[in-house]
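Before any comments, here is the structure.
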Amino acid sequence: MADALSKRYRTTWALTDCNLSIPAGHVVGLVGPNGAGKSTLLNLAVGLTPPTSGSVEVLGRGPGSSRAQLARVGFVAQNPSLYTALSVVDHLKLGARLNRTWDAPYAQRRIDRLGVDPGRRAGGLSGGQLAQLALTMAIAKRPELLILDEPVASVDPLARRDFLTDLADAVGEADMSVILSSHLITDLERVCDYLIVLTSARVQVAGPVKELLAGHRVVAPPDDADDRRSPSVISIGELADRAAQDPAWSAPQPSLEDLVLAYLSRDPTPGGNRTVLEARQ
Ligand SMILES: Nc1ncnc2c1ncn2[C@@H]1O[C@H](COP(=O)(O)OP(=O)(O)OP(=O)(O)O)[C@@H](O)[C@H]1O
């Protein structure tokens, strides 16, 4: 839960007046262009950086407020920091020592499946293998909330598919909530049931995916229209004009990709292009 949460780095506002209230039990997709503020929001949620103003609560408490609270949240940063001198198996042993809820069979199974030599030092792993090890550590901790900052960016397509399947299974088995930032909308489409779109440091839209899709329409010209623009996002004003002029204009429900792209292409600057998908309740 974020309440008027803002973060400034020197002169840059990385997050502005962010209000969110996400119920537990969701797999939340966080999407936005480079520099939108996604990592900042996730870092605030795990207590890695303090807010400039406003407040954030995770699982009902301040982030990182106690050891017990830290144990409830798993986090994989965009560039996961592991101990380069320690081997894969050393990491798993460390995980077991530090976490009372450590799921050793799961961790072992996942490492076996990845085909990574358990004796290999983390410093000698590829970027993708490091990401996989960090993910394994985070899930094996069996947190109540798992926060993943672009976890699959450096992972190959097959491993990405397996990871998403793993994640969905882990959520089902362990009653775990997940917040996952990604640029890959198809991945979000596969696993997320809650969406946050962040652009230019501001939340543009947030809510359960089903409700968001049901509450929006893509406006498409009829087949015989003179105006042959492809179905696209149009402004609310334009939609009203179109519908008044020609009720044959169809307005089907968007896909998640339509919805995300519409909000990403919205210019949030004051007086900017307010083009959005039409919302119909
Ligand atoms: N430690 C920092 N010091 C100064 N500015 C920062 C710092 N961290 C982030 N920023 C700035 O804050 C803004 C938001 O950055 P952030 O990393 O949160 O974006 P992001 O959405 O995660 O981007 P990406 O998709 O590229 O990872 C950017 O303008 C960035 O340059």
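Criterion applied to 48, 20, 30 was being at negative phi and modelled with pLDDT of 95 or more, and the one residue passing it is 30.
Close contacts from segment 76-88, counting a first residue that is under 16 Å from residue 42 (Cα atoms) and a second that is surrounded by 12 or more Cβ atoms within 10 Å (Cβ to Cβ) and of a type in the set (Asp, Glu), with Cβ to Cβ under 8 Å and a gap of 6+ residues or different chains, come to 76/149; 77/149; 78/149; 78/150.
Among residues of segment 183-195 that are in contact (Cβ under 8 Å) with a residue 40 or more places away in the chain, those with a Cβ under 6 angstrom from a residue that is part of a loop (DSSP other than H, G, I, E, B) and buried (at least 19 other Cβ atoms within 10 Å of the Cβ), sequence gap 6+ or separate chain, pair up as 188/182. Check whether at least one residue in segment 27-35 is more than 6 Å from the ligand (Cβ to nearest atom) and free of Cβ contacts under 8 Å to residues at least 12 places away in the same chain, and report yes or no. So far as segment 27-35 goes, no, none of its residues is more than 6 Å from the ligand (Cβ to nearest atom) and free of Cβ contacts under 8 Å to residues at least 12 places away in the same chain. Scanning segment 185-209 for residues that are small (Gly, Ala, Ser), open to solvent by 20 Å² or more (accessible area, probe 1.4 Å) and touching a Leu at 6+ places or on another chain (Cβ under 8 Å) yields one hit, 206. For residue 133, the requirement of being under 26 Å from the mean Cα position of the chain (by Cα), among the hydrophobic types (A, V, I, L, M, F, W, C) and either assigned to a helix (DSSP H, G or I) or not assigned by TED's automatic domain parsing to the domain that holds residue 44 (or both) is met. Across segment 61-76, not a single residue is classified as within 13 Å of the ligand (Cβ to nearest atom) and either closer than 14 Å to residue 14 by Cα or buried (at least 17 other Cβ atoms within 10 Å of the Cβ) (or both). Inside segment 9-32, residues that are closer than 15 Å to residue 198 by Cβ, touching a strand residue (DSSP E or B) at 6+ places or on another chain (Cβ under 8 Å) and either of a type in the set (A, V, I, L, M) or surrounded by fewer than 13 Cβ atoms within 10 Å (Cβ to Cβ) (or both) make up a count of 8.
Does residue 64 satisfy the condition of being in a loop (DSSP other than H, G, I, E, B), touching a helix residue (DSSP H, G or I) at 6+ places or on another chain (Cβ under 7 Å) and among the small types (Gly, Ala, Ser)? Spelling it out, residue 64 is indeed in a loop (DSSP other than H, G, I, E, B), touching a helix residue (DSSP H, G or I) at 6+ places or on another chain (Cβ under 7 Å) and among the small types (Gly, Ala, Ser).
The single residue among 48, 5 that is within 16 Å of the ligand (Cβ to nearest atom) and not in a strand (DSSP E or B) turns out to be 48. Of all the listed residues (98, 44, 94), the sole one being farther than 24 Å from residue 164 by Cα and crowded, with 16+ Cβ neighbours inside 10 Å is 44.
Of all residues in segment 161-184, those that are open to solvent by less than 20 Å² (accessible area, probe 1.4 Å) and either touching a Leu at 6+ places or on another chain (Cβ under 7 Å) or basic (Lys, Arg) (or both) total 7.
Note on segment 137-160: among residues that are of a type outside the set (A, V, I, L, M) and open to solvent by less than 10 Å² (accessible area, probe 1.4 Å), the one that is nearest to the chain's Cα centre (by Cα) is 149.
The values are calculated or read from the model by the stated rules, or taken from the named source; none is laboratory data. All values reported here derive from a predicted model rather than from experimental measurement. Here Cβ is always computed from backbone atoms with ideal geometry, including for glycine, and neighbour counts include all displayed protein chains. Protein only, heavy atoms only, side chains kept; ligands, DNA and RNA dropped before computing areas. Shrake-Rupley method; radii C 1.70, N 1.55, O 1.52, S 1.80 Å.
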